[in-house]
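Each reported figure results from applying straightforward, stated rules to the coordinates on display, with no laboratory input. Worth saying up front: this structure is predicted, and the values here are computed from it rather than measured. With ideal geometry, Cβ positions are generated from the backbone for all residues, glycine too; neighbour counts draw on all protein chains shown.
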Amino acid sequence: MKQSFLSRYGLYLAWLVALTATLGSLYFSEIREFVPCELCWIQRIFMYPLVFVLGIAVFTNDRQVKKYVLSLAIVGGMISLYHYLVQKVPGFADIKPCVEGVPCNVQYINWFGFVTIPFLALTAFTLITLLMLNIKTDK
């Protein structure tokens, strides 16, 4: 049976997305010196482990990792979506304002009028989720 490109290379592509997102996050905080807000830290908690989990899965060709990756990616994506709404929709920021450090509605970048750091994270989590859904697990 012939596998599709995404089914064959989805695990590797998901690892590349997670690695790129993690390195991008570190670039913004360590090189550009953008101080992460509370919601950014929570998103990092869900993204950073994916680099290791997916990296090991790629190395061992473990497609059963799908269930673990999906749980991290979906929850991380929901947090990213909420953070993006806090930044872009008036009224969302009042639900639970950040109490320490940088406010969560601060937009360090705003490329093309809509691409912010939470949008980038949401894109990464969504890509990882879609790639995982295309991976066929052996039962």
Of the residues LEU11, LEU26, only one is within 16 Å of LEU72 (Cβ to Cβ), surrounded by 12 or more Cβ atoms within 10 Å (Cβ to Cβ) and either β-branched (Val, Ile, Thr) or out of contact with any strand residue (DSSP E or B) (no Cβ under 9 Å at 6 or more places or on another chain) (or both); which? LEU11
Among VAL86, VAL53, which is in a helix (DSSP H, G or I) and over 15 Å from the mean Cα position of the chain (by Cα)? VAL86
Kindly indicate the residue of the stretch 29-48 that is of a type in the set (Val, Ile, Thr) and outside any loop (DSSP other than H, G, I, E, B) and also nearest to ALA73 (Cα to Cα) among those meeting that condition. ILE45
Find the residue count for the stretch 110-133, including only residues that are part of a loop (DSSP other than H, G, I, E, B) and either buried (at least 19 other Cβ atoms within 10 Å of the Cβ) or free of Cβ contacts under 8 Å to residues at least 12 places away in the same chain (or both). 4
How about the stretch 55-91: which of its residues are in contact (Cβ under 8 Å) with a residue 60 or more places away in the chain and within 21 Å of GLY24 (Cβ to Cβ)? VAL69
